[in-house]
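Read through the structure below, which is laid out as structure tokens, and then see the notes.
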Ligand SMILES: NC(=O)c1ccc[n+]([C@@H]2O[C@H](COP(=O)([O-])OP(=O)(O)OC[C@H]3O[C@@H](n4cnc5c(N)ncnc54)[C@H](OP(=O)(O)O)[C@@H]3O)[C@@H](O)[C@H]2O)c1
């Protein structure tokens, strides 16, 4: 079945912008609610994308958004907060979304969770993601669940953050230095989601999304710093110091760079369960290596780093 009208919750975010752009390029109409319309201003000029201000935690508002759609993609997620915040965004919202879809006969739901989500996982983030998955999986909808490892791309908040820190600090002291990740390119993830939309072979399936290589956090931080043209020594902090550092960051105003819950998430490796990782054929993607793509945007305005990145990409 061709799904034309698609509600994209979380469409204003980092991954959402790629998903929405691809949907529009493929002739779909995307409806993107946001708590603040100006957060989605990069989508407003897209020809078949409607950005609306809405409170998706309100049942009536959510139902109005869902009614009349052919499919829903849920990308809402938070990295920091209290238990109640995680519960609301990752578990309650999917539960209410499933109910709204059933009520308004919107049968197709694509839900983005996270690699490592489990009821007994060490962090609130991963436990609440597991609760959300179980609401989706327990429904009678044609659902597909995506579980990405950490996602990299030009607007990511991960490699870019380390690159930025490297600009300002002579050494980079980090907690969870030995935690393992298998970064997936945002464009691969967006393609996997959009390729699945109309593909019945993906219904009622859960897919892990990862890149071709596993890295420790220390390797990733070091790579980001080098690619940005600011190579720096990376110092692994012992756990009690790392927790203290995270606690202090939580006390600062705004979103913390790192929270204790993030450290808890890193107690389990964020890598695909089968190695070497190969994306399922029905997703229609190949796992893109990180170095060449990421080096291009991390190099930013640094001419020498940018040239090296272009050379590396050409050799790929
Ligand atoms: N980025 C990664 O490395 C990564 C890895 C694994 C899984 N994921 C998952 O992939 C999904 C998308 O991630 P992302 O990196 O694109 O996130 P993002 O850039 O932070 O975007 C999050 C989106 O969710 C919406 N949102 C956040 N908190 C909300 C709340 N309390 N109520 C309503 N809407 C809220 C935001 O909408 P407005 O601010 O416009 O309202 C925004 O569109 C999330 O579920 C995330 O957990 C991401």
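The residues listed here are 161, 172, 115; of these, the one that is within 14 Å of the ligand (Cβ to nearest atom) and farther than 21 Å from residue 19 by Cα is 161. Take the residues in segment 1-27 that are within 21 Å of the chain's Cα centre (by Cα) and part of a loop (DSSP other than H, G, I, E, B), then tell me which one is farthest from the ligand (Cβ to nearest atom). Taking the candidates together, the pick is 11.
Here, each number is a calculation from the coordinates, and none is a lab measurement. Quantities reported herein were computed from a predicted structural model and do not represent experimental measurements. Neighbour counts are summed over all protein chains in view; Cβ atoms, including those assigned to glycine, are modelled from backbone coordinates with ideal geometry.
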